[in-house]
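Student: One structure coming up, written as structure tokens, with questions to follow.
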Amino acid sequence: MTLADSSIDSTTDSNAADIPASLFERLAGVWATLEERLDRVPILQRLADGTVTLHDYQRLLFNLRQQVIDGSPWIARAASNFDVEHFELRSAAIRHAEEEHRDHLMLERDYVAVGGSLAELRAGRKNLGSEALSGYLFHYADRPNPAGLLGAMFIIEGLGARRAAEWAARFQEVLGLADNQVHFMIYHQEADGQHTGDMEGILTSGLIDATTADEIVRCAEVVARLYALQLEELDN
Amino acid sequence: MASLATAYLTGFGSYLPGPPVGNDEIASRLGGTDAVTERIRRRILEQNGIRQRHYALDADGEPTELNEELAVNALRAALDDRGIDAVDLRMLACATTMGDVLVPGFASMVHGRLGGGPMQTLSASGVCASSLAALDAAVSKVRLGDHPRAAVVGSELPSRSLRERRYEGIRAGMDAHFLRWMLSDGAGAVIVEFQPHPTRLSLRVDWVRQVSLAHEHPVCMRAGMSGAEAEAGGTWQDCAMGEADAAGMFLLRQDVSMLDELAEAGIAQFEELVDTGLVDVRHLDHVICHYSTNVFRDVAFEALRRRIPSLDTDRWFSNLETRGNTGSASIFIALEEAWRTRDFAPGETILLAVPESGRFSFAFAHLTVVAPQASAPPASSLPSSSSSSAPSSTTSASSGARA
């Protein structure tokens, strides 16, 4: 079960605190908006239509890679800005940063396995959306106790847990790819599913007050928009 | 559920050194003008039906190229045919009976000469069927998704060791003369990719199967051993070179008395492909078969026609008569010429067949012609059409019907 799915249960669970329950509802709303937007992203439309090309898959990996390499660093930076009063969040962020810091290597192997050049991939630059997303996340992570970033994780991990495997399967189906060529997207279904489970625990732990909840929702809104922008602005 | 990619042949090349050499010109290249040798030569040539072949030898019988050069020339032709460069390859699988040198491996030498970037190499040794063993390895790695592009080449340069100087002073019976007038030089190559050619027809590799029956057959074709059975102390590496030479160990020999048995075993292997459903005789459109002599052409053709009554000579391809018997190169040289000169339509199938007399092995590959742009299946048809569980280690069957 993922965060967004759990929103209904949470609102009807009399034992759950009011704030997390409403937080789940609000995050589910952000997620729904993101889903609508993703449906209009050209490369994902082509994927759904079955007109996506190998070149599309290569470009998607190429563009994602430039931001994925920042994933662990912004989480690590956020970890370093949680004081001891937020020890649980600091621990979670450190663990999460460690788990993610080799992810881009998997993506790079997939890229090479579909005929891409590792040297070109590593020499690539972020697209407009990736610049905005990465800039925002690092900026946010610099703040003291950046608990709002749980909203960012809700979006990014949610995409990994709920959408990546579906994309991988569809790329495999349309392009005839082997598992060895879609490691990154398949892996994220399992890994991010675990991460979203961890995050549910945090969101329901009583650590989140009303102000923080607002920050989480706002951060989720911004990250959802910027992540979609990253997918819209491939190669730009 | 593990998903595999599909392997396609997207580029084809061959290289035959020098001008074609007619039957009357062989002796000027290889020697052997005495009356007895001439009589043997004429008899063998009449039987095998080969009218012309190529040698990497000049008019005086001196070598003009290395085996690795033949391989590289065929590879370049295949790369050009596909419109890519060596730097695009991630794997090179080379088949040959004998490379130019004892060490290092043939594929290392071919890669060194070809250039390109870092790549996996494989030297498949053996005789004729090493061609499809190399193909199987490349196809398997492509299907696993380990490599997007691989090249496979079969190449042979036996002519230099078939020259008179190798036979002088050595007692050489029919077993040593048979192959001397049978074998010649050449190379053939294919490009294997996980996507079909973007603008032209490709050949999807449905499966490759190689089987050895050495467990129940003695050696049929040999060099480097004193008798028909290998024994410790009795190989060319165990004695002085002069001794090994004098014993005739460096002559390539064939026990011709076993060849009828080889043909029967090969037909039995084909029958098994039909009986196990790997070949559907109702949907087998083309057969490209390697054989050393036209005697076997007729035997094999009749055997296939027993199972495929509709098989006519139009669907049967061989260029033995004009390109010679080039061992491990021959199946790729034949495939290249068939692909270039015949009409193929999407959905048609091709069976490659390579019997190897060495110690009774047989290799087959099943190919299907596919159009450049496969139309995508609808989203509702999940799971992936390219998924299939891996069959036995010697068989790679694709269910990725995306034609």
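The values are calculated or read from the model by the stated rules, or taken from the named source; none is laboratory data. Just so you know, these numbers come straight off a predicted model, no measurement behind them. Note that each Cβ is placed from the backbone with ideal geometry, even for glycine, and that neighbours are counted across all protein chains shown.
Student: Filter region A:211-236 down to the residues that are in contact with a helix residue (DSSP H, G or I) (Cβ under 6 Å, 6 or more places away or on another chain), assigned to a helix (DSSP H, G or I) and of a type in the set (S, T, N, Q) and list them by number.
Tutor: A:230
Student: One residue is enough: does region B:64-77 have a residue meeting the conditions over 16 Å from residue B:17 (Cα atoms) and charged (D, E, K, R)?
Tutor: Looking through region B:64-77, none of the residues is over 16 Å from residue B:17 (Cα atoms) and charged (D, E, K, R).
Student: Just need a number here: residues in region B:98-110 that are closer than 26 Å to residue B:147 by Cα and outside any helix (DSSP H, G or I).
Tutor: 3
Student: Which residues, counting only those in region B:70-119, are within 14 Å of chain A (Cβ to nearest Cβ) and of a type in the set (Val, Ile, Thr)?
Tutor: The answer is B:84, B:87.
Student: Answer yes or no as to whether residue B:240 is in contact with a strand residue (DSSP E or B) (Cβ under 9 Å, 6 or more places away or on another chain), at negative phi and surrounded by fewer than 18 Cβ atoms within 10 Å (Cβ to Cβ). Before you say what the answer is, go through the steps one by one.
Tutor: Working: in contact with a strand residue (DSSP E or B) (Cβ under 9 Å, 6 or more places away or on another chain): no; at negative phi: yes; surrounded by fewer than 18 Cβ atoms within 10 Å (Cβ to Cβ): yes.
Taking the combined requirement at face value, the residue does not satisfy it.
Student: Identify, from the list B:184, B:202, the residue that is of a type in the set (S, T, N, Q), in contact (Cβ under 8 Å) with a residue 40 or more places away in the chain, within 14 Å of chain A (Cβ to nearest Cβ) and within 22 Å of residue B:78 (Cβ to Cβ).
Tutor: Answer to the selection: B:202.
Student: Give A:158, A:151 a once-over and let me know the one that is in contact with a Cys (Cβ under 6 Å, 6 or more places away or on another chain) and away from chain B (no Cβ under 12 Å).
Tutor: Of the residues listed, the single one that is in contact with a Cys (Cβ under 6 Å, 6 or more places away or on another chain) and away from chain B (no Cβ under 12 Å) is A:151.
Student: I've got another one for you. Being aliphatic (A, V, I, L, M) and assigned to a helix (DSSP H, G or I) narrows it down to one residue among B:187, B:137; which is it?
Tutor: Being aliphatic (A, V, I, L, M) and assigned to a helix (DSSP H, G or I) holds for just one of B:187, B:137, which is B:137.
Student: Condition first: part of a helix (DSSP H, G or I) and in contact with a strand residue (DSSP E or B) (Cβ under 8 Å, 6 or more places away or on another chain). Now tell me which residues in region A:101-123 satisfy that.
Tutor: Residues satisfying the conditions do not exist here.
Student: Any residue in region B:34-62 that's in contact (Cβ under 8 Å) with a residue 60 or more places away in the chain and on the phi > 0 side of the Ramachandran plot: show its pairings with residues that are surrounded by 13 or more Cβ atoms within 10 Å (Cβ to Cβ) and of a type in the set (S, T, N, Q) at Cβ separation under 8 Å, as long as the two are six or more apart or on different chains.
Tutor: Hits for this filter: B:49/B:293; B:49/B:294; B:61/B:28.
Student: For region B:1-49, which positions are part of a loop (DSSP other than H, G, I, E, B), modelled with pLDDT under 95 and more than 14 Å from chain A (Cβ to nearest Cβ)?
Tutor: Across region B:1-49, the qualifying residues are B:31, B:32, B:33, B:34, B:49.
Student: Now, a different point. Give me a count of the residues in region B:193-237 that are among the hydroxyl-bearing types (Ser, Thr, Tyr) and surrounded by 15 or more Cβ atoms within 10 Å (Cβ to Cβ). Full working, then the answer.
Tutor: If we filter region B:193-237 for residues that are among the hydroxyl-bearing types (Ser, Thr, Tyr), which is where we start, we get B:199, B:202, B:212, B:226, B:235.
From what's left, surrounded by 15 or more Cβ atoms within 10 Å (Cβ to Cβ): B:202, B:212, B:226.
So the count comes out to 3.
Student: Restricting attention to region B:79-136, which residues are over 12 Å from the mean Cα position of the chain (by Cα) and on the phi > 0 side of the Ramachandran plot?
Tutor: Once the filter is applied, which keeps residues that are over 12 Å from the mean Cα position of the chain (by Cα) and on the phi > 0 side of the Ramachandran plot, region B:79-136 yields B:83, B:115, B:116.
Student: Here are some residues: B:360, B:344. Which one is crowded, with 21+ Cβ neighbours inside 10 Å and either of a type in the set (Val, Ile, Thr) or more than 14 Å from chain A (Cβ to nearest Cβ) (or both)?
Tutor: When all the criteria are applied, what remains is B:360.
Student: Determine whether residue A:54 is touching a helix residue (DSSP H, G or I) at 6+ places or on another chain (Cβ under 6 Å), within 12 Å of chain B (Cβ to nearest Cβ) and touching a residue at least 24 places away in the same chain (Cβ under 8 Å).
Tutor: Details: touching a helix residue (DSSP H, G or I) at 6+ places or on another chain (Cβ under 6 Å): yes; within 12 Å of chain B (Cβ to nearest Cβ): yes; touching a residue at least 24 places away in the same chain (Cβ under 8 Å): yes.
Here the answer is yes, as residue A:54 does meet what is asked.
Student: Here is a further query. It is to be established whether one or more residues within region A:88-100 are outside any helix (DSSP H, G or I) and either within 14 Å of chain B (Cβ to nearest Cβ) or free of Cβ contacts under 8 Å to residues at least 24 places away in the same chain (or both).
Tutor: No, region A:88-100 contains no residue that is outside any helix (DSSP H, G or I) and either within 14 Å of chain B (Cβ to nearest Cβ) or free of Cβ contacts under 8 Å to residues at least 24 places away in the same chain (or both).
Student: I need every pair where a residue in region B:158-181 that is over 15 Å from residue B:27 (Cα atoms) has its Cβ under 8 Å from the Cβ of a residue that is among the basic types (Lys, Arg) and surrounded by 19 or more Cβ atoms within 10 Å (Cβ to Cβ), sequence separation at least 6 or different chains.
Tutor: The qualifying pairs are B:175/B:253; B:176/B:253.
Student: Restricting attention to region B:115-122, does a residue exist that is in contact (Cβ under 8 Å) with a residue 60 or more places away in the chain and among the hydroxyl-bearing types (Ser, Thr, Tyr)?
Tutor: Scanning region B:115-122, I find no residue that is in contact (Cβ under 8 Å) with a residue 60 or more places away in the chain and among the hydroxyl-bearing types (Ser, Thr, Tyr), so the answer is no.
Student: Right, something else. Among the residues of region B:137-145, is there at least one that is closer than 29 Å to residue B:261 by Cα and more than 14 Å from every other protein chain (Cβ to nearest Cβ)? Talk me through it step by step, then tell me what you get.
Tutor: Here is the first cut: in region B:137-145, the ones closer than 29 Å to residue B:261 by Cα are B:137.
Filter once more, keeping what is more than 14 Å from every other protein chain (Cβ to nearest Cβ): B:137.
The answer is yes; a qualifying residue exists.
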